[in-house]
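Undergrad: Pasting in a structure now, in structure tokens, and then I'll have a few things to ask.
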Amino acid sequence: MKDNHDNPLATAVNRAAGADPQGRTKLPRGGRVPPSRQGKKGVLLHVDPEIAKRLKLLAVEQDTTIEALGIKALGLLFERYDNGG
């Protein structure tokens, strides 16, 4: 990675973003991890646009979040496979 010591603007931006001198980010934007995400690992899932739309609609209908639906769905998936499914 290019050294930003010659570029004061890049150094300031990296510092504001919580990056170390090599530009690696140490913390998410805002500088702190929300308590609900401390000790957790993010998982990314790519789906077709229609599925994303259905997830959003279901979350609204159930007055919950897509994240909560995903956690519940994973629980059901693990339950099925843990019981010899």
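No value in this document is a laboratory result; all are computed from the given coordinates. All of these numbers come straight from a predicted model, not from anything done at the bench. Ideal geometry is used to build each Cβ from the backbone, glycine not excepted, and the neighbour counts take in all protein chains shown.
Undergrad: With a 10 Å radius around each residue's Cβ, average the other Cβ atoms per peptide and rank 41-52, 62-73, highest first.
TA: Those peptides, ordered most packed to least, come out 62-73, 41-52.
Undergrad: Once fully extended, how much extra length lies between ARG32 and ILE71, figured as 0.36 nm per residue of separation less the alpha-carbon to alpha-carbon distance?
TA: My answer for the length gained is 11.8 nm.
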